[in-house]
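The values are calculated or read from the model by the stated rules, or taken from the named source; none is laboratory data. Worth saying up front: this structure is predicted, and the values here are computed from it rather than measured. So basically every Cβ, Gly included, is an ideal-geometry build from the backbone, and we count neighbours across all protein chains shown.
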Amino acid sequence: MKVLLVGNHWTQAPGGAETVLVLTADLLRAAGHEVVPFAVAEERTLPTPVRDRLPAAAGAGARTRFGEAWAGTWSPRAYRALAGVVDRVRPDVAHVHHVFERLTVSVLDALRRGGVPTVMTLHDYKPVCPNFRLFTDGAPCTRCLSGRYANVVRHRCLEGSRWRSVAAAADAYASRARGVWSRVDRFVAPSAFLRDRVVDGGLPADRIDVLPNPVVAGAAPRAAAAEPPSVLYASRLVAEKGVHTLLDAAARLPAGVRVRLAGSGRLEAAVRARVAAEGLPVDVLGPLPPARVVSELRAAAVAVLPALWWENCPMAVLEAAAHGVPVVASAVGGIPELVDDGRTGLLVPPGDADTLAGALTRLVRDPGAATRMGRAGWARVRARHDPAGHVAALLEVYRRVGGVP
């Protein structure tokens, strides 16, 4: 089978969507299938047979923020580039990942023009929420599930930007009017929680398969945490991830415990400033290569994801469990589908720094319990997120939409 993989970034980073995209390609190739990745052209773009056909990101070269925002609603060059790749490659099926604002929904039109059966993994809530996250003003939000996308403008949901918010709302109204999401033959939801929310927003339940993200587990759970004990946060430094709640909790941890932040994002400068001003026991490591993240994970006493938004199927949780590291995470979105509270990790209320600090302290002070939870988490992901099982299920979805053997 020849599979066209479509996503904003064909790189090792910056987030979970990219991690899943690269892993999907590896799994499909290992199963004997041909994979053709298509993304925006970047310096860090991985090898692909259509490297010469990749477009620049929508809005690249725009002279104003207004121009950049509106370019992200529909990209003629992404449409033309993908249409050309489809004509050249003739894929059996396309698997679309995160494409919004850089490739834009124009790629769905290009695939429909080429008659390519299309599967789409929903890494976020974009089909029903113009700001992707169902999150605004610091809390989960369902205003747009009714289709009243003007709320995005009213609340400036796109990082406070008026023009980005106006453009995103206009794009959402246009996508609904044009039936853009009907161009997708089958959706893959990595969590039941996400599936239920997008159905609330109007996507048809009978076209959505729940298929959790895969993860490659270590051959064995790590033997023991390093000393002195550390807490690892490996995700983007953005408000919806609860970074400031974690900094509040860091000040309440036992003496000698360090919180290590691996990642970058809009809040990085603010986080560094706060750590310095308050003398917090926090190391801001910046973005790290995957091998270094694994090294940090295997040394940590516990991994943490204090999310405020409705996470889908976060790789930060799965990758920690894959190495036998217990997780403390917010009980929001799809996270409770991944963490068995009290057995593979601990769930805490979002935004509650005291409870978060207490849960982290509990595992730091009881390494025996942490080890037991880590091992249980490792066994759980091996059973529920096995790559071989994932690719078999994915291929079945491809066959159903593409009618190929």
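One line per residue, one yes/no per condition, for (1) without any contact (Cβ under 8 Å) to a residue 24 or more places away in the chain; (2) part of a loop (DSSP other than H, G, I, E, B):
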site: 212; (1), (2): no, yes
site: 217; (1), (2): no, yes
site: 222; (1), (2): no, yes
site: 246; (1), (2): no, no
site: 252; (1), (2): no, yes
site: 255; (1), (2): yes, yes
site: 261; (1), (2): no, no
site: 270; (1), (2): yes, no
site: 288; (1), (2): no, yes
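Please specify each residue of the stretch 19-34 satisfying the condition of being without any contact (Cβ under 8 Å) to a residue 24 or more places away in the chain and of a type outside the set (Gly, Ala, Ser). Answer for the stretch 19-34, where residues must be without any contact (Cβ under 8 Å) to a residue 24 or more places away in the chain and of a type outside the set (Gly, Ala, Ser): 26, 29. Here residue 165 clears all of (1) within 28 Å of residue 266 (Cβ to Cβ); (2) surrounded by 20 or more Cβ atoms within 10 Å (Cβ to Cβ); (3) touching a residue at least 40 places away in the same chain (Cβ under 8 Å); (4) not β-branched (Val, Ile, Thr) except the condition numbered (3).
Scanning the stretch 77-91 finds no residues that are surrounded by fewer than 17 Cβ atoms within 10 Å (Cβ to Cβ), under 30 Å from residue 306 (Cα atoms) and in the same structural domain as residue 6 (by TED's automatic domain parsing).
Could you please let me know if residue 131 is polar (S, T, N, Q) and under 21 Å from the mean Cα position of the chain (by Cα)? Give the steps one after another, and end with the answer.
Details: polar (S, T, N, Q): yes; under 21 Å from the mean Cα position of the chain (by Cα): yes.
Judged against the criteria, residue 131 is a match.
Here's the yes/no breakdown for (1) among the acidic types (Asp, Glu); (2) part of a strand (DSSP E or B); (3) touching a helix residue (DSSP H, G or I) at 6+ places or on another chain (Cβ under 7 Å):
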site: 18; (1), (2), (3): yes, no, no
site: 40; (1), (2), (3): no, no, no
site: 52; (1), (2), (3): yes, no, no
site: 55; (1), (2), (3): no, no, yes
site: 61; (1), (2), (3): no, no, no
site: 69; (1), (2), (3): no, no, yes
site: 79; (1), (2), (3): no, no, yes
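Scanning the stretch 37-51 for residues that are surrounded by fewer than 20 Cβ atoms within 10 Å (Cβ to Cβ) and either at pLDDT 95 or above or not basic (Lys, Arg) (or both) yields 41, 42, 43, 45, 46, 47, 48, 49, 50, 51. Restricting attention to the stretch 142-164 and to residues that are assigned to a helix (DSSP H, G or I) and among the basic types (Lys, Arg), the residue that is nearest to residue 62 (Cα to Cα) turns out to be 164. Restricting the stretch 162-174 to residues that are more than 22 Å from the chain's Cα centre (by Cα) and not hydrophobic (A, V, I, L, M, F, W, C) leaves a set whose member that is modelled with the highest pLDDT is 173.
Please go through the stretch 84-109 and give me each residue that is aliphatic (A, V, I, L, M), under 24 Å from the mean Cα position of the chain (by Cα) and in a helix (DSSP H, G or I), ordered by number. Step through it out loud before you land on a result.
As a first pass, look at the stretch 84-109 and keep what is aliphatic (A, V, I, L, M): 85-86, 89, 93-94, 96, 99, 103, 105, 107-108.
Subsequent filtering for residues that are under 24 Å from the mean Cα position of the chain (by Cα) retains 93-94, 96, 99, 103, 105, 107-108.
Once the filter is applied, which keeps residues that are aliphatic (A, V, I, L, M), under 24 Å from the mean Cα position of the chain (by Cα) and in a helix (DSSP H, G or I), the stretch 84-109 yields 107, 108.
Can residue 280 be described as crowded, with 22+ Cβ neighbours inside 10 Å, in a loop (DSSP other than H, G, I, E, B) and assigned by TED's automatic domain parsing to the domain that holds residue 322?
On the way: crowded, with 22+ Cβ neighbours inside 10 Å: no; in a loop (DSSP other than H, G, I, E, B): yes; assigned by TED's automatic domain parsing to the domain that holds residue 322: yes.
The answer is no for residue 280.
Could we say that residue 124 is part of a loop (DSSP other than H, G, I, E, B), among the acidic types (Asp, Glu) and crowded, with 19+ Cβ neighbours inside 10 Å here?
Details: part of a loop (DSSP other than H, G, I, E, B): yes; among the acidic types (Asp, Glu): yes; crowded, with 19+ Cβ neighbours inside 10 Å: yes.
Answer is yes for this residue.
Taking the residues in the stretch 383-403 that are out of contact with any helix residue (DSSP H, G or I) (no Cβ under 7 Å at 6 or more places or on another chain) and outside any helix (DSSP H, G or I) as candidates, determine which candidate is farthest from residue 340 (Cα to Cα). Here the residue is 403. Here is the figure for the stretch 348-363: residues that are within 21 Å of residue 325 (Cβ to Cβ), assigned to a helix (DSSP H, G or I) and of a type outside the set (Gly, Ala, Ser) total 6.
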